1. Within segment 1-29, which residues are of a type in the set (D, E, K, R) and farther than 26 Å from Arg84 by Cα?
2. Quick check on my filter: what residues within segment 66-92 are on the phi < 0 side of the Ramachandran plot, charged (D, E, K, R) and modelled with pLDDT under 95?
3. Are there helices (runs of 4 or more DSSP H) fully within the chain with at least 3 residues that are surrounded by 18 or more Cβ atoms within 10 Å (Cβ to Cβ)? List them.
4. Select from segment 15-52 the residues that are in contact with an Asp or Glu (Cβ under 6 Å, 6 or more places away or on another chain), of a type outside the set (A, V, I, L, M) and more than 16 Å from Ile70 (Cα to Cα) and list them in ascending order.
5. Does Glu50 satisfy being closer than 22 Å to Phe9 by Cα and either among the acidic types (Asp, Glu) or without any contact (Cβ under 8 Å) to a residue 40 or more places away in the chain (or both)?
Amino acid sequence: MVLLEFSMFPLDKGESVSEYVARSLEIIDKSGLEYRVNSMGTVIEGEYDEVFAVVKECFDLMKADCNRVITTMKLDYRKGKEDRLVTKVQSVEKKLGKELKT
């Protein structure tokens, strides 16, 4: 399983691009994969091919009507581990002895 954090947005659509980000989040939500949205990107958990298929679908939709698209990605693979979207945060919270803002 992998965790993939990514951010994708057009550069040629003005200052507010939430309309385009929302379209990607619709794809992510419909994928059935576990994900978390934050103010700077989205983290998806799944098999390598699954998460990259979602990113490709988001990219293909965005490039259809955007002339310049910026994408950043981070990938974390750990063999034999699942539900890391939740358990990684829980592990840190346990060490701190308190819940964090997520």
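1. Asp12, Lys13, Glu15, Glu19
2. Within segment 66-92, the subset on the phi < 0 side of the Ramachandran plot is 66-79, 81-82, 84-92.
Within this subset, residues satisfying the condition of being charged (D, E, K, R) are 68, 74, 76, 78-79, 81-82, 84, 88.
If the condition is that a residue be on the phi < 0 side of the Ramachandran plot, charged (D, E, K, R) and modelled with pLDDT under 95, then Arg78, Lys79, Lys81, Glu82, Arg84, Lys88 are the ones that fit.
3. Values: elements: 18-31, 48-65, 84-96.
Here the list reads 18-31, 48-65.
4. Hits for segment 15-52 are Glu34, Glu45.
5. yes
The values are calculated or read from the model by the stated rules, or taken from the named source; none is laboratory data. Treat the numbers as computed from the prediction; the structure is a model and nothing was measured. Using ideal geometry, Cβ is built from the backbone for each residue, glycine included, and neighbour counts are taken over all protein chains shown.
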